[in-house]
Amino acid sequence: MNDRKFVVWLQLLWMFLKVNLLSPSGPASVGLLYKEAVGRVMTEEQFVEAVGFSNVLPGSEALKLAMFVGFAAGGVPGVLTALLGAVLPPTVMMLAVAAILQHVQHEDWLKGFVAGMSPAVAALILIVAWDLFQVGQSREIGRRTMLIAVLSAVALWLNLPSPLVLMGAGVLGVILFR
Amino acid sequence: MELLTELFWVFLKVNLLSTSGPASVGLLYHQAVGRFVTEQQFVQAVGFSSVLPGSDALQLAMYIGYAAGGISGGLVALLASILPPTVIILLVTMILHRLRREAWLASFVEGLAPAVSVLMLFTAWKIFQKGGDAGWFGWLLGIASFIAMWLKLPERVVVVIAGIIGVIYSTL
């Protein structure tokens, strides 16, 4: 009995190490994880529910999804195993990159690289912002969404603290989207 | 120690108010630039987190934490980023059936989404202006990257190519 549990945990750990090594971000990992998890450790219905919850709850998407799948496969120990598998690859890699970058911070080529990357990163943020704006609005962008967007823009323009603006928008959402 | 506590709070806050790594960039920018990292370092963090595989949110935490306070800074930022979703998931899996009927949480996030998008617009503009060359070269590169991503080219490839073009341009 204990041996079988152990095998499930190892499988989970391996699955999440693999998914997180192969996919660039949380949203991108959904497709890969679907192939790995559905039918093996959870049903399709459970998976869809997990994705839904991951989009709604705060925190890193990839982590939340990993934990849901881990829970379905092996309870709370499954959650912790999946978490470990999802956390290790990105953070170890980033630690290495960060350490190297600190050493070359004042090299000219890095300045050039960052100068080139900035406009691309800005474009990336725009694209993600647009995707996010459309979330939940399956057909058209509703008037209430526009209202929140305009109010947030004004608040940010007036240099109100951004956490406050986000909290306000969330509360407004609770009032408007009932 | 003070720095570590500060890092912990910032990442706890950011991960409580955003639902994914890319969406947290706007908020994180306001909280971290000038305090923990420079504008240049922030661009590096966002750029490399989109290039490397795995969760963007954790990579942003790791980079900014490490740049601000070494390995211990990185680990503290990481812990603060992992805590909110973990605690919430453990709660949700235990009281899942009750929460499902609590529509207010979904509405809260629905209200959050447009505000996060607008915040990201502001951040994109600031990164564009301060991160590098905001002259014709920056505009050209920005518009080209935007079109490339709009056409569904992989983001990480676009970001790396833009960086390489930047290196070449700076040596001219």
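The values are calculated or read from the model by the stated rules, or taken from the named source; none is laboratory data. Only a predicted model underlies this, so the values are computations on that prediction, with no experimental measurement involved. Don't worry about glycine lacking a Cβ; one is built from the backbone with ideal geometry, like all the others, and counts go over all protein chains shown. Please note that ligands, DNA and RNA were not included when accessible areas were found on the heavy atoms of the full protein model with its side chains. Shrake-Rupley method; radii C 1.70, N 1.55, O 1.52, S 1.80 Å.
Kirkwood Rh, the protein assembly as shown, all Cα pairs: how many Å?
Values: mean 1/r = 0.0489 Å⁻¹.
About 20.4 Å for the protein assembly as shown.
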Residue list for region B:1-33, given a label point 7 angstrom along the Cα-to-Cβ vector of B:Ser72 and an amide N cut-off under 11 Å:
B:1-5
What angle, in degrees between 0 and 90 and rounded to the nearest 10, separates the Cα long axis of helix B:155-171 from the longest principal axis of the Cα atoms of chain B?
40
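Among A:164-171, B:144-151, how do they line up by average Cβ neighbours within 10 Å per residue, starting with the highest? Working shown, then result.
Values: A:164-171: 19.6, B:144-151: 16.8.
Final packing ranking: A:164-171, B:144-151.
Taking a temperature of 37 °C and a viscosity of 0.692 mPa s, what whole-number D in µm²/s does Stokes-Einstein yield for region A:108-176 with Rh from Kirkwood over alpha carbon pairs? Walk me through the intermediate numbers first.
Details: Rh = 14.3 Å.
Here the translational diffusion coefficient equals 230 µm²/s.
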Dipole moment magnitude, nearest 20 debye, chain B about Cα centre, only Lys, Arg, Asp, Glu C-beta charged:
320
Using just the helices of chain B, give the 222 nm mean residue ellipticity in deg cm²/dmol: DSSP H runs with n ≥ 4 each add -39,500 (n - 2.57), and the total is spread over all residues, rounded to 500.
-29000 deg cm²/dmol
Using a cut-off of 14 Å between beta-carbons, work out the net charge of the residues near A:Met15 (Lys and Arg +1, Asp and Glu -1, A:Met15 not included).
+2
Between B:Trp104 and A:Val76, with labels modelled 7 Å along Cα→Cβ, what's the label distance in nm to one decimal, could you check?
2.7
Mean residue ellipticity (222 nm) of chain A, computed from DSSP H runs ≥ 4 via -39,500 (n - 2.57), nearest 500
-28500 deg cm²/dmol
Those residues of region A:26-63 for which accessible area with every protein chain present is at least 20 Å² below the isolated value (1.4 Å probe)
A:Glu49, A:Phe53, A:Asn55, A:Val56, A:Leu57, A:Pro58, A:Gly59, A:Ser60, A:Glu61, A:Leu63
Which order do peptides A:124-131, B:163-170 fall in by mean Cβ count within 10 Å, highest first?
A:124-131, B:163-170
For peptide A:145-156, how many partner chain Cβ atoms fall within 10 Å of a residue's Cβ, on average?
5
Equivalent-ellipsoid semi-axes of chain A, from the Cα gyration tensor, Å, largest first:
34, 27, 14
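So for region A:3-104, averaging the separation of alpha carbon pairs under 8 Å that are six or more residues apart and normalising by length, what relative contact order in percent results?
Numbers: 97 pairs, mean separation 35.1, N = 102.
With pairs under 8 Å counted, the relative contact order is 34 percent.
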Can you pull the three principal axis extents for the Cα set of region A:3-104, in Å, largest first?
48, 34, 22
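Give me Rg/Rg_expected for chain B, where Rg uses Cα atoms only and Rg_expected = 2.2 N^0.38 Å with N residues.
Numbers: Rg = 17.8 Å, N = 172, 2.2 N^0.38 = 15.6 Å.
So the Cα radius of gyration is 1.14 times the expected 2.2 N^0.38 Å.
Considering Cα pairs under 8 angstrom that are at least six residues apart, work out the relative contact order of chain A and quote it in whole percent. Kindly include the intermediate steps, with their values, before the conclusion.
Values: 110 pairs, mean separation 32.7, N = 178.
With pairs under 8 Å counted, the relative contact order is 18 percent.
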Quick check: the angle from helix B:39-51's long axis to the longest principal axis of chain B, C-alpha only, nearest 10 degrees?
70
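Order of B:156-162, B:4-10, B:108-114, A:106-112 by packing, highest average Cβ count within 10 Å first? Each step should come with its number before you reach the end.
Numbers: B:156-162: 20.6, B:4-10: 17.9, B:108-114: 25.3, A:106-112: 14.6.
The most tightly packed comes first, giving B:108-114, B:156-162, B:4-10, A:106-112.
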